[in-house]
């Protein structure tokens with residue numbers, strides 16, 4: 001009556017079949033021990049089996065392409081666009097590819113394949129998979145907690161991108177001038193500073209450059225630019241210190257709510273619906289990246305930026321930090337150890353060639369990182385050319401690249417609002433599929449752990465998780481410096497320490 005997922009051909013992914021097999025074996029054993037009352041036992045057995053069979057279908061991928069695009073969407077995220085290119089430049093340019101490739105083959109691909117294969121074989125989420133070794137189930141709970149916290153802070157970045165997207169939908173971008181209510185008297189555009197009247201002056205025994213701005217004499221170190229002031233004083237409205245809590249940024253609360261609603265409707269109907277959403281969220285960013293690359297390489301100075309990105313400096317390889325950066329980038333970019341890959345693989349057919357799929361996704365992921373580097377550094381080279389500064393002084397990592405460097409670059413492009421909208425829409429799509437696929441992994445792990453309680457109420461459970469995550473995420477958009485200014489401190493700590501601690505935990 002019951003067959004395993006290797007022979008039923010329904011796409012695997014139904015835990016209740018395995019539960020039925022185990023239950024039937026247990027019930028058969030119980031029947032042999034209680035032969036004195038066969039009628040009562042048989043009736044009880046049938047009632048329990050019927051109860052198990054009444055669980056809704058767990059679901060499976062509609063096609064192989066749905067699965068591949070979903071995993072590609074998970075693996076390719078914001079780290080590919082703003083972290084990998086900077087790490088290449090910082091750690092020896094093309095020389096960084098060597099530790100990156102070594103880590104990819106020794107840790108990235110094997111773990112990526114292992115997680116997908118475990119999920120596909122056992123057709124269960126990141127918690128239930130540890131039934132093969134129950135003593136290690138604590139790892140599953142730790143992964144679920146990591147995934148939960150990542151869902152809370154990662155989506156805040158998408159809220160920032162949506163805010164910038166809406167602010168760009170006007171005749172001109174609002175961070176071009178210093179004539180806005182949020183600007184200070186020290187505000188001068190990077191592109192206008194060469195026109196300032198400046199001179200050298202000895203202050204406290206050191207020679208400093210002083211410039212005349214709005215009838216005031218200000219040192220060059222005190223100068224700010226409209227892009228940075230828009231980010232700090234308009235978008236985030238950062239408080240002056242950790243002792244000043246400030247208020248919730250209600251504009252960001254609105255964009256955060258919008259992104260959570262998008263995330264909910266991307267996963268609420270299960271993987272059959274998610275598999276269709278990723279056709280747009282995973283593929284369209286490549287169109288936008290290509291458009292941005294074509295525009296970038298036609299700009300003056302683009303070649304200098306690309307040279308800084310790819311020219312190898314092999315002396316950097318003797319620095320241990322280079323190898324640490326390679327490992328953290330692989331683990332963070334590929335989503336290893338979070339249970340998400342286990343969950344996505346669990347909806348596959350039992351006979352699916354998961355080894356081939358893992359190689360395809362890993363190749364696409366790493367290639368996208370390198371491709372994005374050309375997009376970003378062509379624009380950084382243009383910025384350095386326009387500002388007459390070295391590329392090293394312009395390059396940045398993390399949110400500083402997305403919300404400071406690129407917005408500054410579009411100021412010099414004709415049709416600035418259009419290029420700004422394209423860039424931030426691309427950021428939203430790249431981050432959105434990573435967000436809802438990670439959410440799918442967390443939801444799958446919890447529902448598979450308590451299927452009789454939650455599977456019939458999956459849509460309600462997802463709504464509750466999204467609502468609670470949104471409420472917790474509001475702490476990340478207050479004016480409190482430790483939370484609001486994630487671009488300078490908190491977010492980098494989350495990414496670096498979070499990845500490193502998880503690597504240490506997984507390798508001990």
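So that you can scan it fast, the table gives a plain yes or no per residue for (1) assigned by TED's automatic domain parsing to the domain that holds residue 69; (2) farther than 30 Å from residue 131 by Cβ; (3) surrounded by fewer than 24 Cβ atoms within 10 Å (Cβ to Cβ):
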| position | (1), (2), (3) |
| --- | --- |
| 384 | yes, yes, yes |
| 403 | yes, yes, no |
| 407 | yes, yes, no |
| 415 | yes, yes, yes |
| 439 | yes, no, no |
| 445 | yes, no, no |
| 450 | yes, no, yes |
Residue check for residue 179: surrounded by fewer than 21 Cβ atoms within 10 Å (Cβ to Cβ), touching a helix residue (DSSP H, G or I) at 6+ places or on another chain (Cβ under 8 Å), more than 16 Å from residue 407 (Cα to Cα) and modelled with pLDDT under 90: no
Residue tally, condition in contact (Cβ under 8 Å) with a residue 12 or more places away in the chain and either part of a loop (DSSP other than H, G, I, E, B) or buried (at least 18 other Cβ atoms within 10 Å of the Cβ) (or both), over segment 241-252: 8
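Taking the condition in contact (Cβ under 8 Å) with a residue 24 or more places away in the chain, assigned by TED's automatic domain parsing to the domain that holds residue 122, farther than 19 Å from residue 271 by Cβ and buried (at least 22 other Cβ atoms within 10 Å of the Cβ), does residue 348 pass?
Answer is no for this residue.
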The listed residue being out of contact with any strand residue (DSSP E or B) (no Cβ under 6 Å at 6 or more places or on another chain), touching a residue at least 12 places away in the same chain (Cβ under 8 Å), surrounded by fewer than 20 Cβ atoms within 10 Å (Cβ to Cβ) and under 18 Å from residue 318 (Cβ atoms), out of 107, 95: 95
Entirely in segment 60-127, the helices (runs of 4 or more DSSP H) that have 1 or more residues that are within 11 Å of residue 345 (Cα to Cα) and either at pLDDT below 90 or within 19 Å of the chain's Cα centre (by Cα) (or both): 64-75, 109-122
Unmet requirement for residue 238, which otherwise passes all of (1) under 30 Å from residue 432 (Cβ atoms); (2) assigned to a strand (DSSP E or B): (2)
Segment 198-216, residues that are within 18 Å of residue 185 (Cβ to Cβ) and outside any strand (DSSP E or B): 214, 215
Filter result for residue 267 (in the same structural domain as residue 383 (by TED's automatic domain parsing) and either modelled with pLDDT of 90 or more or in contact with a helix residue (DSSP H, G or I) (Cβ under 6 Å, 6 or more places away or on another chain) (or both)): yes
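Find the residue count for segment 253-272, including only residues that are more than 20 Å from residue 158 (Cβ to Cβ) and either surrounded by fewer than 17 Cβ atoms within 10 Å (Cβ to Cβ) or free of Cβ contacts under 8 Å to residues at least 60 places away in the same chain (or both).
2
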Failed item, numbered, when residue 382 is tested on (1) more than 19 Å from residue 301 (Cα to Cα); (2) in contact (Cβ under 8 Å) with a residue 24 or more places away in the chain: (1)
Residue 282, sole failed condition from (1) buried (at least 22 other Cβ atoms within 10 Å of the Cβ); (2) more than 23 Å from residue 422 (Cα to Cα): (2)
Subset of segment 335-350 that is part of a loop (DSSP other than H, G, I, E, B) and under 19 Å from the mean Cα position of the chain (by Cα) - its residue that is nearest to residue 443 (Cα to Cα): 339
Filter result for residue 335 (modelled with pLDDT under 90 and either over 30 Å from residue 301 (Cβ atoms) or touching a strand residue (DSSP E or B) at 6+ places or on another chain (Cβ under 8 Å) (or both)): yes
Given (1) over 20 Å from the mean Cα position of the chain (by Cα); (2) surrounded by 15 or more Cβ atoms within 10 Å (Cβ to Cβ); (3) at pLDDT 90 or above, number of the condition residue 292 does not satisfy: (3)
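The values are calculated or read from the model by the stated rules, or taken from the named source; none is laboratory data. Keep in mind the model is a prediction, meaning the values are calculated, not measured. Backbone-built Cβ (ideal geometry, glycine too); neighbour counts: all protein chains shown.
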